[in-house]
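The block underneath contains the structure these notes are about, expressed in structure tokens.
Only the coordinates and a few stated rules stand behind these numbers; no lab work does. Note that the structure is predicted; figures quoted are calculated from it, not measured. No Cβ is skipped: glycine too gets one built from the backbone with ideal geometry, and neighbour counts run over all protein chains shown.
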Amino acid sequence: MKILIDFFPIALFFGAYKWYDIYVATAVLMAATAVQMALIYTLDRKLQAMHKITLALIMIFGTLTLALHDERFIKWKPTVLYGAMAIALAVAIWLMRKNFLKLLLGSQLDLPEAVWHRLNVTWVVYCAFMSLINAYVAAFYSTEAWVNFKLWGYAFPLAFIIGQGFYIAPHLKGDEPKAPTPP
């Protein structure tokens, strides 16, 4: 069910764009994201920092798109989001000597320090890549091509997450079976 919650705003955005235009699609995306966050909050009783940032950026860039009737704002939102994530993760790991991924996920995953570091660096590269590719498509392609990229571009995050799962699986520390104690 969570996967449906994650993807329904982009699916509704895509449908609204195909049936109407980028402005209706932007309003639909804003409303769907607000509903999505309400559902996540209802299920988890909290919103992660990433949820809050995503909601804020969609509302800010969506409002600018609608108020100024300029589609460039909504098209550049992913560039800003991914770019900010890449910068934040890079600054944290290389300047502050903190691993934000470990701070966020450390309670859920027990991994060696070297693996946490490689994951963080991988996320920096991934977010920079996603920021750059969105910027390229937003700048040099039509709005329709960008909308199609937004929908079909979800292959990148899915492949990245699956790859991360394969990478961390051998490093996960499970409950070791205990040797039976002699009577």
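Laid out as a table, the results:
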{"item": "Helix runs (DSSP H) in the chain reaching 24 Å along axis by Cα, Kyte-Doolittle at least -1.0", "result": "2-19, 22-44, 49-68, 72-94, 113-140"}
{"item": "Contour minus Cα-Cα distance for residue 45 and residue 159 (0.36 nm per residue)", "result": "38.2 nm"}
{"item": "For segment 1-68, with +1 on Lys and Arg beta carbons and -1 on Asp and Glu, the positive-most of 64, 36, 13 along the dipole", "result": "36"}
{"item": "Under the Debye formula (equal points on every Cα, no solvent term), log10 I(q)/I(0) of segment 1-68 at q = 0.15, 0.19, 0.22 Å⁻¹", "result": "-0.47, -0.72, -0.91"}
{"item": "Sites matching chymotrypsin sites (Phe, Trp or Tyr not before Pro) across segment 1-62 that sit in DSSP coil, with at most 15 neighbouring C-beta atoms within 10 Å", "result": "20"}
{"item": "Estimated [θ] at 222 nm from DSSP helical runs (n ≥ 4, -39500 (n - 2.57)) normalised by residues in the chain, nearest 500", "result": "-26000 deg cm²/dmol"}
{"item": "Among the listed pairs 2/52; 75/102; 75/98, those beyond 28 Å (Cα-Cα)", "result": "75/102; 75/98"}
{"item": "P(r) of segment 71-173 over all Cα-Cα pairs, binned every 10 Å from zero, in whole percent", "result": "14, 40, 29, 14, 2"}
{"item": "Estimated inter-spin distance, residue 88 and residue 114, nm [label 7 Å along Cα→Cβ]", "result": "2.9 nm"}
{"item": "Three principal axis lengths of the chain [C-alpha, angstrom, descending]", "result": "76, 36, 26"}
{"item": "Pairwise label distance in nanometres, residue 125 with residue 166, each label 7 Å out on the Cα-Cβ vector", "result": "1.5 nm"}
